[in-house]
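First up is the structure itself, then whatever we jot down about it.
The values are calculated or read from the model by the stated rules, or taken from the named source; none is laboratory data. Because the structure is a prediction, the values reported are computed rather than measured. Positions of Cβ are generated from backbone atoms using ideal geometry, with glycine treated the same way; all protein chains shown enter the neighbour counts. Side chains are part of the model used for accessible areas, which takes the heavy atoms of the whole protein and leaves out ligands, DNA and RNA. Shrake-Rupley method; radii C 1.70, N 1.55, O 1.52, S 1.80 Å.
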Amino acid sequence: MSNRIEKVNSLLEQEISKIILRDFYFPEVLVTLTRVDSFANLIGAKVYISVFPDKDIDKIVDILNKGAYSIQQKINKILKMRPVPKIEFVKDKELIKADKVQELLNSIKQEESN
């Protein structure tokens, strides 16, 4: 990945996090932006999120995707970037996998101590 794309990803991550925190309200749910992966041509970017409790993740992703155009407009005003990548929110499956591995390790540890 080029240095430019890494910088764009970092900037987008910071700004999208601020916008979500300021403009969206998710009661009793913790929404975390885990990473941003912009396409090499900057036409689009996948924004990975995790949600706790994770039973609400599909609903949260849907809400954020419905607000993606508004978020893109705000990013354009803040960063004056051309082009502003088309944002797509997706659930971060890596964290879900990591949680499952952690659960398995905990259950093995518990079995060994019995």
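Yes or no: Leu64 out of contact with any Gly (no Cβ under 7 Å at 6 or more places or on another chain) and over 17 Å from Asn9 (Cβ atoms)? Here the answer is yes, as Leu64 does meet what is asked. Between Glu103, Glu88, the distinction of being assigned to a strand (DSSP E or B) and of a type outside the set (S, T, N, Q) belongs to Glu88 only.
The set of residues in region 86-98 being within 15 Å of Arg35 (Cα to Cα) and modelled with pLDDT of 90 or more consists of Ile87, Glu88, Phe89, Val90, Lys91. Taken over region 1-31, residues that are open to solvent by 90 Å² or more (accessible area, probe 1.4 Å), within 15 Å of the chain's Cα centre (by Cα) and of a type in the set (A, V, I, L, M, F, W, C) amount to 2.
Results for (1) at pLDDT below 95; (2) open to solvent by 30 Å² or more (accessible area, probe 1.4 Å), shown as yes or no for each residue.
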| position | (1), (2) |
| --- | --- |
| Leu33 | yes, no |
| Ala40 | yes, yes |
| Ile43 | yes, yes |
| Val47 | no, no |
| Val51 | yes, no |
| Lys55 | yes, yes |
| Lys59 | yes, yes |
| Asn65 | no, yes |
| Lys74 | yes, yes |
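Residue count for region 26-82, restricted to those that are within 16 Å of Glu6 (Cα to Cα) and aromatic (Phe, Trp, Tyr): 2.
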